[in-house]
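Everything on this sheet refers to the single structure shown next.
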Amino acid sequence: MSTKPPPGSAPEVGPADGFDPGSAYRRSPSVALRPEPFGALVYHFGTRKLSFLKTPQLVDVVRNLERYPDVHSAIAAAGVEEAQRAAYLKAVAGLAASGTIEPRP
Amino acid sequence: MKLVDHFQYGLNSPICLTWELTYACNLACVHCLSSSGRRDPRELSTAECKAVVDELQRMQVFYVNIGGGEPTVRSDFWEILDYAISHDVGVKFSTNGIKLDKKRAAQLAATDYVDIQISLDGATAEVNDHVRGPGSYRTALRALENLAEAGFQQPKISVVMTRENVDQLDEFKAIADKFGAQLRITRLRPSGRGADVWDDLHPAPAQQRRLYDWLVARGEDVLTGDSFFHLSAYGEALPGLNLCGAGRVVCLIDPVGDVYACPFAIHENFLAGNVRSPGGFREVWQSSELFAELRRPQTGGACGGCQHFDACQGGCMAAKFFTGLPLDGPDPECVRGFGEQALVARDASTEIPRSDVDHSRSAPRNSRGPVPVTIGVGSPDGPSARPDRACDTSPLAGFTAPA
């Protein structure tokens, strides 16, 4: 399992956006995930915002982030197809922006 | 499949649940969707309410909309509020403001996970009090003042849109801005006592158009409870869930524990079960036949061929039901006018259903089913004539005058 994307295939999101898929993240401790048929409902107890994880694979990514050294490997481990990788990275970047996930201390 | 399509088939738990704690109310608003007024003697007890909270926590229902009646007239309201918040069930409660004095406002300002919604149905006392009763405008504004003074962050001002107040939208927004509040506007439904006034109070077609244009132009930070999705057929879809969520993502628990498909559908046809029955609320939500039916794919019926069906989904189930229109036809306020045509086409043979739950003070005491009442005076010769406690004889028994 590769932990880094090959050079040249770096997604549009990166450290410049405050999100670095090459580093370690975790689900925010303020966030609860409720399993639903489409994926999961996300509730952030801090911001009181509801949001949705729209595929079971994205739920796996978020749940298991903590077990991987970086976002790329969590996405790979969830069995995301290569063609979908960019879309998942974008979704995960959005989750970082909303505080659903956060850099692991 | 789009998220909204998943929602049609129902979720493991509701996204948002309305819980009316009491039918008792100090007001008698003419359009009250739950025909509130008098307390129902079968109301859930404090312990039963806490058990409902426990269940909601287990089901990961992260917040509830508490209403009534006027929920704050329950003496255990603050206890239930604290219990919910400390069990990961955030609370947004609707109130007419009657109990929000300076002390309560300060207490609430210091509490996390609580939102407050003050009902106001006119931007002026004249328009508001016509619907909500004399003095109710002053009560609401005083509550808003107290909350602002206590530093409570962004309460909501909740407005039901009527023919008399649609043209006050800018004024409502100004009131909200003045008190650091967020404006929330919702649709008038012909539910509860609303059925009696809907013909006169629902916005006229031209007003609906102005309301829609206002929402598109100025509605960015205005909440709507997603209740105007029938107006999406004017063009641009309004933000939010453009779908009837009844029994799919929302439902109502009423004061006696009955679970209805939505807060606007208090009628036995939409009664899914009761939280007091075995299995509690979870069983009702996950296994009731009614909810299973509502989660089946719906056909557009008479609206199926309409180019706007995707936008409005046929509108509001409760609005159709309580105006005697078929549920698979147009909404009575269909923006293309098909609802109006259907209303005109009703005749003497059209049955217009009425809720069989009415706690109005003006109505006979007629909550569903007979309410057992024991009156303490029996036959003078019978055993029940003898009072079993001193207080039955003298209203002052046990009363000790203060020293």
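Look through B:L81, B:L56 and report the one residue that is under 24 Å from A:V42 (Cα atoms) and within 13 Å of chain A (Cβ to nearest Cβ).
Values: B:L81 fails: within 13 Å of chain A (Cβ to nearest Cβ).
The unique qualifying residue is B:L56.
Here is a list: B:F264, B:F309, B:F322. Which entry is of a type in the set (A, V, I, L, M, F, W, C), surrounded by fewer than 24 Cβ atoms within 10 Å (Cβ to Cβ) and either more than 18 Å from B:L11 (Cβ to Cβ) or modelled with pLDDT of 95 or more (or both)?
B:F309
Pull up the range B:51-82, narrow it to residues that are open to solvent by 50 Å² or more (accessible area, probe 1.4 Å) and more than 12 Å from B:Y113 (Cβ to Cβ), then point me to the one that is farthest from the chain's Cα centre (by Cα).
At the first step, the residues of the range B:51-82 found to be open to solvent by 50 Å² or more (accessible area, probe 1.4 Å) are B:51, B:57-58, B:60, B:63, B:73, B:75, B:79, B:82.
In the following step, the residues that additionally are more than 12 Å from B:Y113 (Cβ to Cβ) were identified as B:51, B:57-58, B:60, B:73, B:75, B:79.
Values: B:A51: 21, B:Q57: 22, B:R58: 24, B:Q60: 22, B:V73: 16, B:S75: 20, B:E79: 21 Å.
For the range B:51-82, the residue satisfying everything is B:R58.
Any chance you could count how many residues in the range A:51-88 are open to solvent by less than 50 Å² (accessible area, probe 1.4 Å) and under 30 Å from B:Y63 (Cα atoms)?
Number satisfying all stated conditions: 10.
List the number of the failed condition for B:V357; all other conditions in (1) at pLDDT 75 or above; (2) of a type in the set (V, I, T); (3) open to solvent by 30 Å² or more (accessible area, probe 1.4 Å) hold.
Of the numbered conditions (1) at pLDDT 75 or above; (2) of a type in the set (V, I, T); (3) open to solvent by 30 Å² or more (accessible area, probe 1.4 Å), the odd one out for B:V357 is (3).
Is it the case that B:S75 is in contact with an Asp or Glu (Cβ under 6 Å, 6 or more places away or on another chain) and assigned to a loop (DSSP other than H, G, I, E, B)?
Judged against the criteria, B:S75 is not a match.
Find the residue count for the range A:56-83, including only residues that are part of a helix (DSSP H, G or I), in contact (Cβ under 8 Å) with a residue 12 or more places away in the chain and of a type outside the set (A, V, I, L, M, F, W, C).
First, the residues of the range A:56-83 that are part of a helix (DSSP H, G or I): A:56-67, A:71-77, A:82-83.
Keeping just the survivors that are in contact (Cβ under 8 Å) with a residue 12 or more places away in the chain gives A:56-66, A:71-77.
Still in the running and of a type outside the set (A, V, I, L, M, F, W, C): A:56-57, A:60, A:63-64, A:66, A:72-73.
Within the range A:56-83, residues that are part of a helix (DSSP H, G or I), in contact (Cβ under 8 Å) with a residue 12 or more places away in the chain and of a type outside the set (A, V, I, L, M, F, W, C) number 8.
Based on what the data block shows, is B:V61 away from chain A (no Cβ under 14 Å) and farther than 18 Å from B:V160 by Cβ?
Criteria not met by B:V61.
If you go through the range B:28-36 one residue at a time, do you hit one that is out of contact with any helix residue (DSSP H, G or I) (no Cβ under 8 Å at 6 or more places or on another chain) and outside any loop (DSSP other than H, G, I, E, B)?
Looking for residues that are out of contact with any helix residue (DSSP H, G or I) (no Cβ under 8 Å at 6 or more places or on another chain) and outside any loop (DSSP other than H, G, I, E, B), one finds none in the range B:28-36, hence no.
Step by step: first the residues of the range A:28-38, then only those that are open to solvent by less than 10 Å² (accessible area, probe 1.4 Å) and facing another protein chain (nearest Cβ under 10 Å), then the one that is farthest from A:A86 (Cα to Cα). Which residue is that?
Checking each candidate, the answer is A:R34.
Examine the range A:1-8 for a residue that is open to solvent by 40 Å² or more (accessible area, probe 1.4 Å), modelled with pLDDT under 95 and within 14 Å of chain B (Cβ to nearest Cβ), and state whether such a residue exists.
Looking for residues that are open to solvent by 40 Å² or more (accessible area, probe 1.4 Å), modelled with pLDDT under 95 and within 14 Å of chain B (Cβ to nearest Cβ), one finds none in the range A:1-8, hence no.
Run B:R248 past the list (1) basic (K, R); (2) touching a Ser or Thr at 6+ places or on another chain (Cβ under 6 Å); (3) closer than 16 Å to B:C316 by Cβ and report the number of the one that doesn't hold.
The single condition B:R248 does not satisfy is (2).
Considering only residues that are more than 20 Å from B:L188 (Cβ to Cβ), away from chain A (no Cβ under 14 Å) and over 12 Å from the mean Cα position of the chain (by Cα), which ones fall in the range B:1-34?
B:A24, B:N26
Report, by residue number, each residue of the range A:84-105 that is part of a helix (DSSP H, G or I) and within 30 Å of B:V249 (Cα to Cα).
Residues satisfying the conditions are A:Q84, A:A87, A:Y88, A:L89, A:K90, A:A91, A:V92, A:A93, A:G94, A:L95, A:A96, A:A97.
Go through the range A:18-34 and give me each residue that's in contact with a His (Cβ under 8 Å, 6 or more places away or on another chain), touching a residue at least 60 places away in the same chain (Cβ under 8 Å) and either at positive phi or not β-branched (V, I, T) (or both).
A:P21, A:S28, A:S30
If we scan the range B:13-24, do we find a residue that is small (G, A, S) and open to solvent by 10 Å² or more (accessible area, probe 1.4 Å)? Full working, then the answer.
From the range B:13-24, those small (G, A, S) are B:13, B:24; that's our starting set.
Add one more test, that the residue is open to solvent by 10 Å² or more (accessible area, probe 1.4 Å), and what stays is B:24.
Yes, the conditions are met somewhere in the range B:13-24.
Only one of B:Y63, B:Y23, B:Y9 is in contact with a Gly (Cβ under 7 Å, 6 or more places away or on another chain) and in contact (Cβ under 8 Å) with a residue 60 or more places away in the chain; which? Talk me through it step by step, then tell me what you get.
Numbers: B:Y63 fails: in contact (Cβ under 8 Å) with a residue 60 or more places away in the chain; B:Y9 fails: in contact with a Gly (Cβ under 7 Å, 6 or more places away or on another chain).
Sole residue among the options that is in contact with a Gly (Cβ under 7 Å, 6 or more places away or on another chain) and in contact (Cβ under 8 Å) with a residue 60 or more places away in the chain: B:Y23.
Given the options B:A195, B:A176, name the one that is under 23 Å from B:E126 (Cα atoms), at pLDDT 95 or above and in contact with a strand residue (DSSP E or B) (Cβ under 8 Å, 6 or more places away or on another chain).
B:A176
Just to be sure I understand the filter: pairs with C-beta atoms under 6 Å, separated by 6 or more residues or on different chains, first member in the range B:83-97 and farther than 17 Å from B:S13 by Cβ, second member open to solvent by 40 Å² or more (accessible area, probe 1.4 Å). Which pairs pass?
That search, which allows pairs on different chains as well, returns B:Y83/B:K50; B:I85/B:Y113.
Taking the options A:A86, A:A91, name whichever one is at pLDDT 90 or above and under 30 Å from B:D112 (Cα atoms).
On the way: A:A86 fails: under 30 Å from B:D112 (Cα atoms).
Just a single option satisfies the conditions, and that option is A:A91.
The values are calculated or read from the model by the stated rules, or taken from the named source; none is laboratory data. What you are looking at is a predicted structure, and each value in this text was computed from that prediction instead of being measured. Heads up, the Cβs are rebuilt from the backbone with ideal geometry, glycines too, and the neighbour counts pull from every protein chain shown. Accessible surface areas use protein heavy atoms only, side chains included; no ligands, DNA or RNA. Shrake-Rupley method; radii C 1.70, N 1.55, O 1.52, S 1.80 Å.
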